[in-house]
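The block underneath contains the structure these notes are about, expressed in structure tokens.
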Amino acid sequence: MSENVALSRRKMIKGAGALALGAAAGLAPISKATAARGKAPRWAFIVDLRRCTGCRTCTVACKAEMNTPLGAFRAAVYDQVVGTFPKTEKHFLPRLCNHCEGNKEDGIPPCIKDCPEYPKDRRQFITPEGKKIRYRGGATYKRPDGMVLYENELCTGCGKCIKACPYGARSWDKLLISGKDSTKNGIAKCTFCQHRVDNGVVPSCVNMCPQKARIFGDLNDPNSQVSKLVKEFGLLENRDKNTLLPKENTVPMLFYIDPRGALMKMANARKKFEKEEAWVDQIT
Amino acid sequence: MGNTEKAQRMAVARQRSNIYGLLASVYRQEVTADLLHQVKDPQFLGVLSDLGLQLASDFFQKPEEELLSDLAVEYARLFLGPGKHVSPHESVQHQKGDGQGGLLWGESTAEVKRFIESTGLSYNSEYTGLPDHISVELEFMQQLTLREEQAWREEDEDGALDCLRTERKFIEEHLIRWVPFFCDKVTREAELPFYREMAALTKNFIEFEREEVEGYAGDLK
Amino acid sequence: MKRDISRRDLIKLGAASAAVMATGKVGGSSALAGTVDLAAGGKDFSPQTGAERKMIPSACWSCVTRDSMIGFVEDGRLVKLEGNPNSIRGRGKICSKGASGINQLYDPDRILYPMKRVGKRGEGKWKRISWDEALTDLAARLKKLRDEGHPEKFMFHYGRMKASSSKIIKSVFLANYGTKTIGNHTSICEGAKWTAQELTWGKHYDNWDFDNTKFVLNFGSGVLEAHTNHIPTCQRLGDAMVDRGVKMYTFDVRLSNTAAKSTEWLPVKPGTDGAIALAMCNVIMQAGLYDKEFFKFIRATKDPNASTAAKVAALKSHLAQYTPEWAEKVSTVPAAKIKSLALEFAKTKPACVISYRGAVAHYHGADTERAVQMLAAITGNIDNPGGRCRAVGAKWKYPKGPKKKPKAKALKIAQGFPGTIAYPTHGANHQVLKMIKDGRAGRPEVYMWYCYTPVYANGECQENIDILKDESLIPFTVCVNAYYDESAALADMILPNPSYLEWWDYEDMVSPTQVPEYYIRQPLVKPLGESRDFKDVVCDLANRMGFPLGFNSAEEFVKMSCEKTPAVKAAGGFEYMKKHGVYHDPKAKPKYYGYKKAVKPDALKKDGVIFDKATGVYWNWHKSKAKSEAEAKEKGYTKTKNAYKGYIGQEIGGKVYAGFKPDKVNKSGYFEVYSELLEMKKFPALPSYVPIPEHKKMSANDLILTTYKVPVHIHSRSANCKWLTEIYHDNPAMINTRTAKRLGIKDGDKIKVKSEAGEITTTANVTEAVVPGVVAISHHVGHWEYGRYASGKKSPLAAGDDSDFKLKWWTKKGVHPNWIIPNKPDPISGQQRWMDTVVKVRKA
Ligand code: SF4
Ligand code: SF4
Ligand code: SF4
């Protein structure tokens, strides 16, 4: 258990090959700066709401990548019409797991905190230049690079993490049997496409988004696009305005560039970003 | 193993192969005139009725051409579509809980193909169907059991047991996991007795087969 | 069965089976070859080992954009589709529909064998037949018609058929067979736009140069969600708006995603975009903001030699009637807004005006498009960087088949009823079934459709069903399709086509960069079952009828074309294309201003070239239908049939320019704002506003029905894709809050929507996102066939077949609006008038 364990049923990275064709899909190889310091990358995900057109390529890309069954969405887009005619507006909000940092005190996101199968084993994260960082594993756990992951083989299917996530980012995978209790289902959530990222390509939804509205990268690399955008839009300073449910104090690593105040307008117009049965991406 | 037992196993392998062959041809395509002739043979019918299988009387009264056409329509309705039908492919029917069910050319299709090819067989280039069609899986077993018979005949006990091991693996990993459910659906949906009864026979035979290969478990260690 | 099988039974059954099998020919041919040799392998069956994964470049076909893409194939199974990063068009992107192609390939409801109906047409009883049986039957029928001298009684009707598919099937097979009774689907798409562009600048297709533009004005296009060149254009527009701060203003009856992303959504009354465009032209002309240089190439008067001043004066006086205040009354868009936008548009250079079905799928929709073209022309935003450009696509060379072709004949049923449409250059195919019923122009004996669903895609679904079902009207119907849709259900024979992920093509769709891109589509997996690419089938049919085409498969055709096309050949031909999927010349310069090129004097001296004084056109009469030079001269360029085919150049001020080369009609080489061709047919020569007759007679509580697309579906052929249908499966009717209140309708109410053509019951979606007085219903859904995910029919037989299907959590399937939309043509172009229908809406 010393490697950066892949969780996907399909261990093969389906997108990595694109590199061979001269792809644009490549993630900058984990930056030299980060490597020199021997730190793990600090993955961040930015959704640029100026660009998102609500086209749902991300939703479908994710379904295809993960073969997510009907009824469950690891990535979804919310639509909301606000305002009165003729000054009507429509906003789109792509959603995925925030890969929360967890609060200042313990640095563990609530979903992991409530998992009875965490912490279990001890693992190592190997940084790009070979430095080993130790961390605790379990049925769901956070890697030193910030990815919040799960491992069906260790999962008892109790569903506590689903309940604990204030956002509803986790759901049942009704076609997956939990690794430890064959009477229960397993769970599904966004993995930041760890199987791809570990092989140097960006998550599938990022690669597929026609509008480049999804940006993924390493905050420890000052030259990464995420670092630049975080700086340009003050995303870290304004976390309260640029992430969802700041009051929950989960400290999301998913940021929204939102000059039109869509988050606020959508919330005012009844869109809840809180837990629901399961996310459903539906156009009405 | 005594010689009588070996001889007996050789005979059993032969008969199993025959039955697999027959069933494969039942599902492979619409009933041909030749097959119909042979099925109507009193000897065959006798065996069927000993097993409790009944082909209705109109099966024998209808003019052959009409019967063939009825059977073709039934075959299309049951196994081909368009529209609703019982797909005769493992990948569509199997239920493994891995989220891969219900697909044409699913992951189990690839598994079946790899399995079959790993035994040295290959798919005919003229064969246009999918690798996990029920008729292919049955034909594969026909070939395996035939090879087993040959091994017994050549007194190659290791080879024969190798075959048996492969048979058991294929039955356990594939046939038993979907063929009985598939047959139940066919039995439920069939309108003509022919496919209803053949499906019942197939189901019983596969279940028999599982026990049969189980019985040899000791030898197969 | 009574009991389980015992050992004894086994022996008996085995022996009996052996007897049955003994004749050796009872069971068909076996699937497996070779002998079992366990020593060779067989030790390890693990699926984890040796999974082979391939990346195959190909092209999407879900929508007509046809983006280049890559398929990832594991063990012969397609697992994922992505954009091809080497494509200059798509730049590595595809859309949600493209990504769901896997659902098309592995749709559990696909048709995998040729089928023949038994029982009555439409009864749903089928028999599988072999390909040989199917083609023997079909070839006999077709050959008989051909031998009797009536090849035109074979009607071939396609929905999408592009590039090599079109060449193989239409240009080679059908041409050699001898029928020109060929239908398409353009009139239910954007035919009015094409005709209008042919009447103004010659070619039908335009490209919007978002890479270089500084301002965008949008009349009724959902460019960010559903365009004919969707992925290449939408991402460039996104870049323009976010990276360069380009503004876009969108006129639409509905707050589409495009409108939502625009700088401003300008709600407009259906069918009045033309009024706004005309008023804008008026403002610009009055303000003197027109582009004098471009006026040289504009024809704005009867006299082709008029001076710029005369042309300006003519336009000014024609446009004077269209004041912004008048346009406000017609369209509801405030006059001040029209004025300010007109001025901003004219002052920002370059600027791009775009338009689509929202503007043109109306009565006189072609005139609206002409007004939009005029707006671009007077501001000089034509064929320039950042403006509206004449499209550029790959020019393939291909094998043309036998030298000697029969003279093809046609039943005149694809252009609408005689005398009702001025220039149906792209047909009026939504009227084909009506014309067959009418019978005066003849009826086909064999009606075959391909990648098309006449029942669902046109208006008046019930009438379509009734006509198609009637064996006395159409004796034999053949459907070429991979899916059992509403139309396939009415076929006599179904030929199973594969999905586009299993066939060959060369491709040529328009490039947004004005540099042509050559690309191909290649099979990602072998065709499933016995499905067979129809392009291969026509080769077979031709052989059976005794006129071999000179190639035997689409693959061979594509390969030959790669070798014949110089640019592709130089790049490495077929092998290069198979490996890379795309090719463009890295040194090629983008094509702009083609019209400004001077024609070489030699070209004017060629045999047959004459000068037409009335228009100033140099043309070669040999290429027209004229029998002699004298006849050509006497009739003149405009009135000689097919004279446009001989067009050489346009004389302007003593010089001869390449000009705006005509296509399909005898337009001059000017950019024709003034259309003599329309004048000849008694239509206004200058773009004008003609109100929709039905809208003039509306009573207070009538509403106008309009249709639209959502980002996750293509028009009629994607509801079988579970990933898309999960996101969008229901289409409640959008009604503005105020209108709903007036009608006593609340959100979620069941409502009845009634038109002259029929009535549907649907649900109300009361919203602020649509203009008052309108009811907007999307197409895509409301299927009654097309498999389990589309029609929601959970049959007893399908139950449990598909593990995902058990998780289908939605039950709604929407209501198709086409049941109540009459099939009526725009009198200029033949365009189906999708957005004109007047309806009464009430609570059900
Ligand atoms: S793919 Fe990109 S543009 Fe489309 S909905 Fe997702 S984030 Fe938005
Ligand atoms: S969004 Fe939910 S599931 Fe994801 S890390 Fe945060 S708490 Fe956990
Ligand atoms: S826009 Fe979408 S559906 Fe159309 S060709 Fe591109 S990927 Fe395919």
I'm trying to understand the selection: among the residues of region C:235-258, which are part of a helix (DSSP H, G or I), touching a residue at least 40 places away in the same chain (Cβ under 8 Å) and closer than 25 Å to A:Q80 by Cβ? C:Q235, C:N257, C:T258
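Here is a yes/no grid of residues against (1) out of contact with any Phe, Trp or Tyr (no Cβ under 8 Å at 6 or more places or on another chain); (2) hydrophobic (A, V, I, L, M, F, W, C); (3) at negative phi:
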residue	(1), (2), (3)
C:W208	yes, yes, yes
C:S221	no, no, yes
C:I231	yes, yes, yes
C:V268	no, yes, yes
C:G271	no, no, no
C:L289	yes, yes, yes
C:K296	yes, no, yes
C:A300	no, yes, yes
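Taking C:A260 as the residue in question, decide whether it is closer than 17 Å to C:Y356 by Cβ and outside the structural domain of C:S675 (by TED's automatic domain parsing).
Details: closer than 17 Å to C:Y356 by Cβ: yes; outside the structural domain of C:S675 (by TED's automatic domain parsing): yes.
Against the criterion (closer than 17 Å to C:Y356 by Cβ and outside the structural domain of C:S675 (by TED's automatic domain parsing)), C:A260 qualifies.
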Considering C:N207, C:N212, which residue is more than 11 Å from every other protein chain (Cβ to nearest Cβ) and over 25 Å from the mean Cα position of the chain (by Cα)? C:N212
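How many residues does region A:200-224 hold that are away from ligand 1 (no atom under 15 Å from the Cβ) and within 13 Å of another protein chain (Cβ to nearest Cβ)? Steps first, answer last, please.
We begin by selecting, within region A:200-224, every residue away from ligand 1 (no atom under 15 Å from the Cβ); these are A:200-201, A:217-224.
Narrowing further to those that are within 13 Å of another protein chain (Cβ to nearest Cβ): A:201.
Going through region A:200-224 one residue at a time, the tally reaches 1.
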Of all residues in region A:55-80, count the ones that are in contact with an Asp or Glu (Cβ under 7 Å, 6 or more places away or on another chain) and at the interface with another protein chain (Cβ under 7 Å from one of its Cβ atoms). 5
What is the residue count in region B:32-53 for residues that are more than 9 Å from chain C (Cβ to nearest Cβ) and assigned to a loop (DSSP other than H, G, I, E, B)? 1
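Just to be sure I understand, how many residues within region B:144-157 are open to solvent by 50 Å² or more (accessible area, probe 1.4 Å) and at the interface with another protein chain (Cβ under 10 Å from one of its Cβ atoms)? Step through it out loud before you land on a result.
Initial filter on region B:144-157 (open to solvent by 50 Å² or more (accessible area, probe 1.4 Å)): B:146-147, B:150, B:153-157.
Narrowing further to those that are at the interface with another protein chain (Cβ under 10 Å from one of its Cβ atoms): B:146-147, B:150.
Residues in region B:144-157 being open to solvent by 50 Å² or more (accessible area, probe 1.4 Å) and at the interface with another protein chain (Cβ under 10 Å from one of its Cβ atoms): 3 in total.
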Does at least one position in region A:184-193 carry a residue that is away from chain B (no Cβ under 14 Å), more than 16 Å from ligand 3 (Cβ to nearest atom), under 14 Å from the mean Cα position of the chain (by Cα) and at positive phi? yes
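Does region A:173-182 hold any residues that are more than 9 Å from chain B (Cβ to nearest Cβ) and open to solvent by 90 Å² or more (accessible area, probe 1.4 Å), and which are they? Outline the logic, then answer.
The initial filter retains those residues of region A:173-182 that are more than 9 Å from chain B (Cβ to nearest Cβ), namely A:178-181.
Scanning region A:173-182 gives a single hit, A:K180.
Take the conditions open to solvent by 10 Å² or more (accessible area, probe 1.4 Å), at pLDDT 95 or above and closer than 30 Å to C:K596 by Cβ and apply them to C:T379. Does it pass?
Details: open to solvent by 10 Å² or more (accessible area, probe 1.4 Å): no; at pLDDT 95 or above: yes; closer than 30 Å to C:K596 by Cβ: yes.
Against the criterion (open to solvent by 10 Å² or more (accessible area, probe 1.4 Å), at pLDDT 95 or above and closer than 30 Å to C:K596 by Cβ), C:T379 does not qualify.
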Go through (1) at pLDDT 95 or above; (2) more than 16 Å from ligand 1 (Cβ to nearest atom) one by one and return the number of the condition C:K697 breaks. (1)
May I ask you to list the residues in region C:382-419 that are open to solvent by 40 Å² or more (accessible area, probe 1.4 Å) and either without any contact (Cβ under 8 Å) to a residue 60 or more places away in the chain or not in a loop (DSSP other than H, G, I, E, B) (or both)? C:R390, C:K403, C:K404, C:K409, C:K412, C:F417, C:P418, C:G419
Can you tell me how many residues within region A:56-74 are within 8 Å of ligand 1 (Cβ to nearest atom) and touching a helix residue (DSSP H, G or I) at 6+ places or on another chain (Cβ under 6 Å)? 4
Taking region C:237-253 as the search range and keeping residues that are of a type outside the set (V, I, T) and within 10 Å of chain A (Cβ to nearest Cβ), which one is farthest from ligand 1 (Cβ to nearest atom)? C:D243
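Kindly evaluate C:Y592 against the criterion of being open to solvent by less than 80 Å² (accessible area, probe 1.4 Å), within 30 Å of C:G92 (Cα to Cα), at pLDDT 95 or above and among the aromatic types (F, W, Y). Before the answer, list the steps.
Details: open to solvent by less than 80 Å² (accessible area, probe 1.4 Å): yes; within 30 Å of C:G92 (Cα to Cα): yes; at pLDDT 95 or above: yes; among the aromatic types (F, W, Y): yes.
Spelling it out, C:Y592 is indeed open to solvent by less than 80 Å² (accessible area, probe 1.4 Å), within 30 Å of C:G92 (Cα to Cα), at pLDDT 95 or above and among the aromatic types (F, W, Y).
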For region C:471-502, name all the residues that are part of a loop (DSSP other than H, G, I, E, B), more than 14 Å from every other protein chain (Cβ to nearest Cβ) and in contact (Cβ under 8 Å) with a residue 12 or more places away in the chain. C:E471, C:L473, C:I474, C:P475
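For region C:285-355, which fully contained helices (runs of 4 or more DSSP H) count at least 2 residues that are of a type in the set (F, W, Y) and either outside the structural domain of C:T638 (by TED's automatic domain parsing) or at pLDDT 95 or above (or both)? Working first, answer last.
Values: elements: C:292-295, C:308-319, C:324-331, C:335-347.
Once the helices (runs of 4 or more DSSP H) in region C:285-355 are filtered for at least 2 residues that are of a type in the set (F, W, Y) and either outside the structural domain of C:T638 (by TED's automatic domain parsing) or at pLDDT 95 or above (or both), what remains is C:292-295.
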Subset of region A:136-167, residues open to solvent by 20 Å² or more (accessible area, probe 1.4 Å) and in a strand (DSSP E or B), comes to A:R136, A:K142, A:Y150
Cβ pairs under 7 Å, 6+ apart, first in region C:159-172 and in contact (Cβ under 8 Å) with a residue 40 or more places away in the chain, second open to solvent by 10 Å² or more (accessible area, probe 1.4 Å) and part of a helix (DSSP H, G or I): C:M161/C:K170
Within region C:57-90, can you find the residues that are more than 10 Å from ligand 3 (Cβ to nearest atom) and in contact with a Pro (Cβ under 7 Å, 6 or more places away or on another chain)? C:I70, C:N84
Members of region C:503-521 found to be away from every other protein chain (no Cβ under 14 Å), out of contact with any Asp or Glu (no Cβ under 6 Å at 6 or more places or on another chain), part of a loop (DSSP other than H, G, I, E, B) and open to solvent by less than 30 Å² (accessible area, probe 1.4 Å), listed by number: C:M509, C:V510, C:Q514, C:V515, C:P516, C:E517
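I need the helices (runs of 4 or more DSSP H) fully contained in region C:52-147, keeping only those with at least 1 residues that are at pLDDT 90 or above and surrounded by fewer than 24 Cβ atoms within 10 Å (Cβ to Cβ). Steps first, answer last, please.
Details: elements: C:96-99, C:101-105, C:131-147.
In region C:52-147, C:101-105, C:131-147 are the helices (runs of 4 or more DSSP H) which contain 1 or more residues that are at pLDDT 90 or above and surrounded by fewer than 24 Cβ atoms within 10 Å (Cβ to Cβ).
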Give me the residue from region C:225-236 that is within 11 Å of chain A (Cβ to nearest Cβ) and out of contact with any Leu (no Cβ under 6 Å at 6 or more places or on another chain) and, out of that set, surrounded by the fewest Cβ atoms within 10 Å (Cβ to Cβ). C:R236
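The values are calculated or read from the model by the stated rules, or taken from the named source; none is laboratory data. Everything quoted here is computed from the prediction, not taken from an experiment. Because the Cβ atoms are built from the backbone with ideal geometry, glycine has one as well, and the counts that use them run over all protein chains shown. All accessible areas refer to the heavy atoms of the entire protein, side chains included, with ligands and DNA or RNA removed. Shrake-Rupley method; radii C 1.70, N 1.55, O 1.52, S 1.80 Å.
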